[in-house]
Each structure stands twice: as structure tokens, then as C-alpha cells.
Amino acid sequence: MAGSASEYIQHHLQNLTYGKLPAGYERADGSVMSEAGWTMAHNAREASDMGFWAVHVDSLGWAVALGVLFLFIFRMAAKRATSGQPSGLQNFVEILIEFVDTSVKETFHGRNKVIAPLSLTIFCWVFLMNLMDLVPVDFLPQLFHLMGLEYMKVVPTTDVNVTLGMSLSVFFLIIYYSIKVKGVGGFLGELTLHPFSSDNLFLKILLVPVNFLLEGVSLLAKPISLALRLFGNLYAGELIFILIALLPFWAQWALSVPWAIFHILIITLQAFIFMMLTIVYLSMAHEDSH
Amino acid sequence: MNINLTMIGQAIAFFIFVVFCMKYVWPPIMAALQERQKKIADGLAASDRAARDLELAQEKSAQELREAKQQAAGLIEQANKRAAQIVEASKDDARKEGQKLIEQAKAEIEQERNQARDALRAEIAAIAVAGAEKILETSVDANKHSEMLDKLAAEL
């Protein structure tokens, strides 16, 4: 039972991976790759041996599908948007948009056309990806197993690649706007001349490495913490759902229902936090605080 | 927890979604929202204006009513005064007419009295002459004594 339980968990945490294996690689079924090529990984070892040149088809597929769903719904509402009496869908979309717009306006005081739509996309997309966590853990993997796919991880945000992909995009935006608003010199000055500064030129130069270390760490911590917070919360949540699924079927509801209800809060909160921190970081990038 | 191309794929998808959202989702909904806000603000302003107009109209109508009442009161007063004047004037006229009639009557009476007196005087003169004739037994030449007779008549 212990072995099968850990296998069950491992299986659930394995992404469907499509990647490149080197020539001469021994596959899980004992065959050997005659030449380097792209193929679907058959087990966790193959997936990790693919290294960087691999794609988690399930994470990316669900992420894109959910993003398209979000944009489809919102585009539909946008096409029908009227200034008269709004329909149900328009009402719903408007509530979300007003909510995001208020959040952005409260935090970000500059003029930037990108931040509000960016925040809306982050909030809705991350929320939808998190929402997949509430689908019973065996439901979709089993369905895809019947269709012949070995692995299927349906919650994209439990894949650190997905959260890192988003947080690094935000990171590049932070750097882009920092340089755009403050100039290269201003940005470098912010990195090297603070928090410690001196009127003495020699001391100032001496403090540059110290400052750069401190500011560099705090700058790099932004995308890393942004990605790992979301990933960690959802990964842990998913893991607990998987553990609950190990219980006898008649006892599962006693734990899974309270956890799912609690998780409704978590997935919304995590989507909101990701959005809010993005706004805060970008507004910091726009401000000449020093 | 393998870091791999998925990250890049996700970043590309993210970029495309954000651009789509920025171009085709955010602006039309925002425009609709702002337009509705403006409509509502306009509507509220219009209703405010209408309420103010109504108040003004009410005030104006009340004032006009007051003025009309005043005017009516003035007219009635004027009419009363005029009526009193007319009555007074007609009373005056009547009094004058009466006075005139009385004076006319008096004048007529005076005239008639004078006529009667004159007639009487003439008769008295004749009677006096006749009496004197009887007394004197002679005829009195009326022509000779006419001066004396006239004097006598004047004394009567």
C-alpha cells in the first residue's frame, strides 16, 4: 500500500512532457534512441533527463485553453458592451473590470495603458488556472488516461514553469519601465547608490558593491517570490487533495469538502495577490523614490 | 519540478493574452463604462435642473397668483370708490336739480305775485279813482292826475 500510495502521488505530480532525448538514450521500455529527437516522456526519469528542452504539454495546454476561455468570454462582453442597461454577462465582466481598475488606480498613480489590462489578464487567468484545482483530482487524469495519455496535471499553476513564466514577464516589465521612466543612469543609480550613500565620493564608490548586492537581491527576489508564492500555495493545495484522495472513497468528502471550500478563498486570494503585487512592483518601477 | 521551455511558452502566451486584452477587451468595456457614467451624471444633472425649474415655476405661479389677487383687490376697491363717487355725484346732481326746481318755482311764484300785485295795484288805482270820483262827484281827469296816481300805485 505504501508503495502504491507513493506511486499514486508521484504519478499525479508528473507532467505530461514532450521533449528532446539525446542519441543513445535508453528509454523506459528498454529501447535505445538511435538518434537525438523529440518525443513524449514515458516516465519521470525520462522527463527530467530531457532537461531544459522539454515542454509540459498539459500545463501549457490548460493554461492556453483557460486564457483563451477568459479572453473569449471578455471579448464577447466587449463586443456587446453598451452604455445602456447591461446584460448579465456584461454586468459580470464590468464588475471584474471595475474591481481591477479600482485596484490599479488606488496603487498606481502614473499614466500607463498597459498596467490595467495586464492586471485584469493576470487576475482572471491565474484565477481560472487555480480554479482547476477544484476539479476532483482523478477526474481529468482518468479521462485522459482513457484517451491514451499517461500523465495529466490539470492545474497549470502547480507547475513552477508556469508561475515563473508569468513572474519573469512581470520582472522584465519592471526593468523596462524602470529604464523608460528613470533612464539607464537613473536605474543603475537606484541599484548602486542606495540605501547607503555618502557625501564623500570615495566612500560613495566604496559603498557601490554593498548597495548593488542589497538592491540586486531585493530586485531579483520580486519575481522569484511572486512565482514561488503562487506555485507553493497551489502545489500544497493540490497535494492535500491528492492525499485526501488516498482515503477510502466513502470518507473522502469529510476532508475534501472543507478543504475545497477553504481553497475557494485561497485560489481567489492568490490570484489577487499576484495581481496586486504586479501593480505594486510596476508602480515602484515608475516612481523616483530616491 | 523541472525548469524547461514551458516557462518560455507560458511567457509568450502571457504576452499575447495581455496584448489581446489591452487591444480588444479593455478599451470597449471601459468606453462603455465611462459613457454610462456620463449618461448617469447627465441624467442626474437634468433631474436636478428639472427640480429647480419646477421650484422656480411654482414660485412664479404663486407670485403671479398673488399679483392677480392684488390686482383684483385693487380693481374692486377702485370700483367701490367709483360707485361711491357716482352715488355721491348723482346725489349732488339731484340736490342741485331740486334746488334749481325750488328756485324756479320760487321765481315763478314771485313773478305771479308781482303780476298779481301789479294787477291789484292797477285795480286799486281804478277803485281809488272811482272812489274819489264818487267823493268829489266829478270826474277826475285820469290823464291830468296820472302822475299822482302812479305815485299812489307805487306806494301800495
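Here, each number is a calculation from the coordinates, and none is a lab measurement. Keep in mind it's a predicted model, so treat the numbers as computed, not measured. As a convention, Cβ positions derive from the backbone with ideal geometry for all residues, glycine included, and neighbour counts pool all protein chains shown.
For the reader, a short list of remarks on this structure follows.
- Theoretical ellipticity at 222 nm over chain A - DSSP helices of four or more residues, -39500 (n - 2.57) apiece, nearest 500: -23500 deg cm²/dmol
- Helix B:146-155 axis, angle to chain B major axis (alpha carbon atoms, nearest 10°): 50
- Among A:97, B:16, the ranking by other beta carbons within 10 Å of each residue's beta carbon, starting with the fewest, stands as B:16, A:97.
- Taking all pairs of distinct alpha-carbon atoms in chain A, Kirkwood radius in angstrom: 22.0
- Less than 5 angstrom separates the built amide H of residue A:246 from none of the residues sequence-distant by 5 or more or on a different chain.
- The mean count of C-beta atoms from other chains within 10 Å of the C-beta of residues in A:92-99, rounded to a whole number, is 2.
- For residue A:153, the lysines whose Cα comes closer than 25 Å to its Cα, not counting residues fewer than 8 places off in the same chain, are A:20.
- Cα-projected label distance for residue A:259 with residue A:218, points at 7 Å along beta-carbon direction, nm: 3.9
- Debye, to nearest 20: dipole size of the protein assembly as shown, +1 on Lys, Arg Cβ, -1 on Asp, Glu Cβ: 1220
- Rounded tilt (10° steps) of B:6-20 against the dominant C-alpha axis of chain B: 20
- When the stretch B:37-155 is described by a simple charge dipole with +1 on each Lys and Arg Cβ and -1 on each Asp and Glu Cβ, the residue from B:94, B:111, B:145 located farthest towards its positive end is B:94.
- The GluC sites (Glu not before Pro) of the stretch B:83-155 that DSSP puts in a loop, and whose beta carbon has at most 11 other beta carbons within 10 Å, are B:137.
- The H on the amide N of residue A:55, modeled in the peptide plane, is under 5 Å from the matching H of A:18, A:19, each at least 5 residues off or on a different chain.
- Highest-MSF residue in chain A out of A:221, A:271, A:260 [GNM, Cα springs under 10 Å]: A:221
- Chain A: DSSP helices with Cα axial extent of at least 30 Å and average Kyte-Doolittle hydropathy no lower than 1.0: A:57-79, A:160-192, A:201-244, A:252-286
- Within 10 Å of each Cβ in A:152-164, the average number of Cβ atoms from other chains: 3
- Charge dipole (Cα centre; +1 on Lys/Arg Cβ, -1 on Asp/Glu Cβ; no other charges) of the stretch B:37-155 amounts to roughly 1020 debye.
- GNM flexibility winner over chain A from A:258, A:136, A:223 (Cα, springs under 10 Å): A:258
- Table column - 3J(HN,Hα) (Hz), the stretch B:56-72, Karplus curve with 6.51, -1.76, 1.60, x for Gly and Pro: 4, 4, 4, 4, 5, 5, 4, 5, 5, 4, 4, 4, 4, 4, 4, 4, 4
- Mean per-residue shielding of peptide A:71-84 is 5, counting Cβ atoms of other chains within 10 Å of each Cβ.
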